[in-house]
Amino acid sequence: MPRLRALVATAALLAAAGALLTGCSPASSGATTLTFRTWDENAAKAYRQSFAALHKKDPDLTVKVDVVPWADYFTKLRTDLAGGSADDLFWMNAQNYSEYAKNGALVDVDKALGTSAKKAWAPQVVDQFTQDGTLWGVPQTSDGGIAVYYNKELVQQAGLTEADIAKLTWSPDHGADDTLLKVAQKLTKDSNGKTADQPGFDADKTVQWGYSAAQDLQAIYLPFIGSNGGTFQKSDGTFTFTDPKTEQAFQYLVDLINEFHVAPSAADTNSDGDFTLNQFQQGKIALFQSGLYNLSNVADNVKFSWGVVSLPAGPAGAVSVTNGVSVVGNAKSTHQKQVAEVLKWLGSEKGNAYIGSSGANLPAVLDAQQVYFDHWKKAGVDVSPFFDVIDDKPTIPAPVGAHFSDASTAFKPYLDEVFLGRTSVKKGLEQAQKAANKAVTGGD
Amino acid sequence: MSRRSGRAGEALAGYAMLAPSLFGLLAFLAVPIGVVVWLSFQNWDLIAPLRPVGLANWRDVLTDPDFGHALLVTALFALMVVPVQTALALLLAVLLTRGLPGSALFRVIYVIPWVCAPLALGLVWKWIFAPSYGALNAVLGTHTAWLTEPALALPAIAAVTIWSQVGYVTLFFIAGLSQIPDHLLEAARVDGAGPVRVFFSITLPLLRPTMFFVLVTSVISAFQVFDTVYALTQGGPQGATDVVAYAIYHEAFTAFDLGHAAVMALVLFAVLVVVTLAQQLYFRRRISYEIG
């Protein structure tokens with residue numbers, strides 16, 4: 001019964017309450033040590049190198065790097081900000097920044113670095129972090145688009161060639177052009193060696209899945225919605241789950257899982273966002289749809305030969321989402337001058353290139369991107385499918401809105417049921433939409 | 001005069017000796033409770049400035065069917081855990097005080113789960129319960145979604161809780177059993193009572209002080225269950241395991257509505273005070289601490 005979690009929560013609450021009563025510590029002169037927070041272990045290594053280089057340039061300035069795991073990142077950030085113990089600079093994603101910006105928690109980048117600084121950075125990421133004409137973060141990584149990692153050995157064993165999977169298409173009515181389903185069936189096997197398109201296939205004894213359909217916003221359902229010509233949100237941030245095209249896309253995914261059994265059960269994937277990645281790494285999923293953010297994970301941990309092909313195209317083409325991460329400055333930091341200096345450094349080619357050199361992340365500073373491409377070229381990996389899908393092509397917008405995280409918490413339980421096949425897609429999406437929009441409009 | 005000042009000095013010395021624990025009580029109990037009461041009248045999302053909202057939080061929470069549901073789930077959970085856990089612990093205690101070979105070893109083994117960090121245990125159980133590749137399904141040869149089937153999730157959490165706490169509760173019963181003088185049991189046996197009769201007529205009544213303590217603490221801890229739910233189900237599926245403590249955490253640190261969370265915490269506090277008082281009333285008339 002030691003309730004560690006509750007204790008931590010209480011401590012955080014107390015720290016937060018304490019901060020209301022006391023002020024912050026005064027700034028000291030001379031040498032300054034700032035802290036920087038990220039959720040990515042790989043990126044942290046690169047930032048340590050980057051800050052060491054900055055320290056050489058300006059010996060008065062030291063920046064320490066903290067890593068807070070993704071699962072707790074935004075909970076901890078929020079309580080730390082309230083408690084006055086947040087870092088001077090931290091990583092931020094596009095889905096969460098606007099609530100912080102709205103409440104004056106972030107440094108205005110236009111003011112700190114000038115309005116022309118953004119010309120050096122990936123425009124999609126700049127757009128994502130711009131609200132009401134103001135830029136709130138210095139872009140650090142750009143996710144490219146979504147593509148499909150595939151296991152060459154499993155594809156071969158199923159008697160397929162790369163040409164069979166290179167340009168997959170899908171359609172909501174499972175017509176002749178639904179090659180994704182057909183290929184996925186051939187790549188799904190039970191313990192008797194029967195594939196999902198053979199009679200007698202036992203879905204309860206699946207040992208290998210063809211495809212990674214799951215409740216994954218960025219890698220799976222947003223691209224499916226986009227590729228079917230559906231929408232996810234209106235520009236005001238309210239949700240459109242009941243858009244008929246959106247509903248079709250969800251129905252298609254749910255059918256892949258529950259009707260055709262070519263993807264793992266939602267009982268496995270709903271609560272474990274890394275289930276499909278892990279199964280792909282273990283050679284149990286043949287086609288793994290994901291983004292550049294998993295490229296290092298795949299390259300470092302996979303023992304079979306693998307490749308990347310483009311995102312399956314739906315009736316509206318192959319429409320991906322693209323996303324980015326920025327570094328933001330803490331507006332409450334007592335060292336605003338130094339915070340601006342670090343932001344400037346991280347927005348420069350030199351400062352940003354470190355996170356590209358290990359191949360873990362694509363730098364968002366345009367001049368720094370070449371190191372990333374060089375890294376993967378040297379490793380023999382063709383990353384072009386991640387970029388072809390967004391270059392001069394329509395994309396579906398990444399989630400937006402000051403209340404997106406609240407809304408996402410509200411709609412997730414309903415999507416859980418939809419993906420489990422326990423609620424009809426139509427009814428579940430209606431419930432999800434209602435809950436999500438209530439969080440946006442009423443969620444004060 | 002001197003007597004009075006002497007008494008005042010005595011009182012002062014008394015308070016001085018009390019001071020360390022009194023400080024702890026005030027700083028870590030009274031003040032936080034006061035802060036929570038105050039927060040229950042504010043709107044706070046941890047970023048935007050605090051805004052007093054009067055009774056709005058109380059109105060929202062007390063009329064929220066989800067909160068009623070959470071209380072109900074928690075009560076149901078307590079009903080699943082407390083009787084089984086108590087009976088099992090009593091049985092284990094009786095067996096372990098028989099002086100059978102290996103008893104000392106088993107006492108330690110049963111307490112190990114209680115000593116381990118609940119979150120770590122939760123992760124282990126998550127793996128055991130996993131639908132694909134989970135240990136339980138592998139043993140049973142089934143493909144049951146233990147944690148995502150609404151009818152199974154709460155019993156699964158209850159089972160893990162009982163498993164992890166039963167050894168700890170057993171310790172209290174062992175201590176209680178060792179307090180019962182042998183001559184009473186012998187006298188009963190001489191009078192011709194069988195082992196069952198002895199247990200129900202002599203042992204059980206004399207265990208009442210222990211029983212009271214065990215029931216009060218078990219009910220309180222059942223009402224505060226958090227770690228296991230956090231690690232295994234996060235309140236799902238369909239709210240089937242949305243116990244109050246998890247609902248409070250969720251409201252405060254996922255939905256970032258500290259005011260609502262404060263109200264929920266205070267309601268839980270009130271419920272526990274009432275439940276404990278009721279238990280105390282029940283046992284007060286039935287406990288005899290004097291054993292002849």
When the range A:84-122 is checked residue by residue, the ones that are among the small types (Gly, Ala, Ser) and either open to solvent by 20 Å² or more (accessible area, probe 1.4 Å) or outside any helix (DSSP H, G or I) (or both) are A:Gly84, A:Ser85, A:Ala86, A:Ala94, A:Gly104, A:Ala105, A:Ala112, A:Gly114, A:Ser116, A:Ala117, A:Ala120, A:Ala122
Checked pairs for the range B:212-224, first more than 11 Å from every other protein chain (Cβ to nearest Cβ), second open to solvent by 20 Å² or more (accessible area, probe 1.4 Å) and not in a helix (DSSP H, G or I), C-beta under 7 Å and 6 or more apart or across chains, list as B:Phe212/B:Ile287
Quiz item: Is it fair to say B:Ser164 is open to solvent by 10 Å² or more (accessible area, probe 1.4 Å) and small (Gly, Ala, Ser)?
Solution: yes
Filter the range A:66-83 for residues that are open to solvent by 20 Å² or more (accessible area, probe 1.4 Å) and farther than 18 Å from B:Leu258 by Cβ; the one that is nearest to the other protein chains (Cβ to nearest Cβ) is A:Ala71
Counted residues in the range B:245-265 being more than 11 Å from chain A (Cβ to nearest Cβ) and either under 17 Å from the mean Cα position of the chain (by Cα) or not in a helix (DSSP H, G or I) (or both) come to 1
Among the residues of the range A:300-307, is any away from chain B (no Cβ under 14 Å) and part of a helix (DSSP H, G or I)? yes
| said: Against the condition in a helix (DSSP H, G or I), more than 11 Å from chain A (Cβ to nearest Cβ) and within 16 Å of B:His69 (Cα to Cα), how does B:Leu268 come out, does it pass? | reply: yes
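If you check A:Tyr414, A:Tyr354, which single one turns out to be within 14 Å of chain B (Cβ to nearest Cβ), of a type outside the set (S, T, N, Q) and open to solvent by 40 Å² or more (accessible area, probe 1.4 Å)?
Working: A:Tyr354 fails: within 14 Å of chain B (Cβ to nearest Cβ).
Residue meeting the stated conditions: A:Tyr414.
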In the range A:361-382, residues that are in a loop (DSSP other than H, G, I, E, B) and open to solvent by 10 Å² or more (accessible area, probe 1.4 Å) total 5
Answer with yes or no whether B:Thr241 is β-branched (Val, Ile, Thr), within 15 Å of B:His69 (Cα to Cα), within 14 Å of chain A (Cβ to nearest Cβ) and under 18 Å from the mean Cα position of the chain (by Cα).
yes
The residue from A:Asp374, A:Asp391 that alone is among the charged types (D, E, K, R) and within 30 Å of A:Leu180 (Cβ to Cβ) is A:Asp391
So, first residue within 10 Å of chain B (Cβ to nearest Cβ) in the range A:270-281, second residue surrounded by 22 or more Cβ atoms within 10 Å (Cβ to Cβ) and of a type in the set (Val, Ile, Thr), Cβ within less than 6 Å, six or more apart or across chains; the pairs are A:Phe275/A:Thr269; A:Gln279/A:Ile285
*Would you check if B:Glu149 is open to solvent by 50 Å² or more (accessible area, probe 1.4 Å), within 14 Å of another protein chain (Cβ to nearest Cβ) and out of contact with any helix residue (DSSP H, G or I) (no Cβ under 6 Å at 6 or more places or on another chain)?*
yes
The range B:192-238: helices (runs of 4 or more DSSP H) wholly inside it with 1 or more residues that are open to solvent by 10 Å² or more (accessible area, probe 1.4 Å), at pLDDT below 90 and not assigned by TED's automatic domain parsing to the domain that holds B:Ala159 are none
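Anything in the range B:111-139 that is of a type in the set (Ser, Thr, Tyr) and either under 16 Å from B:Val166 (Cα atoms) or more than 9 Å from every other protein chain (Cβ to nearest Cβ) (or both)? List them, or say none.
Once the filter is applied, which keeps residues that are of a type in the set (Ser, Thr, Tyr) and either under 16 Å from B:Val166 (Cα atoms) or more than 9 Å from every other protein chain (Cβ to nearest Cβ) (or both), the range B:111-139 yields nothing.
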Per the list (1) surrounded by fewer than 19 Cβ atoms within 10 Å (Cβ to Cβ); (2) in a helix (DSSP H, G or I), residue check on A:Asp236 breaks on (2)
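The values are calculated or read from the model by the stated rules, or taken from the named source; none is laboratory data. For clarity, every value in this text was computed on a predicted model and none was experimentally measured. In this analysis, Cβ positions are derived from the backbone assuming ideal geometry, glycine residues included, and neighbour counts consider all displayed protein chains. Heads up: the accessible areas ignore ligands, DNA and RNA and are worked out on the full protein's heavy atoms, side chains in. Shrake-Rupley method; radii C 1.70, N 1.55, O 1.52, S 1.80 Å.
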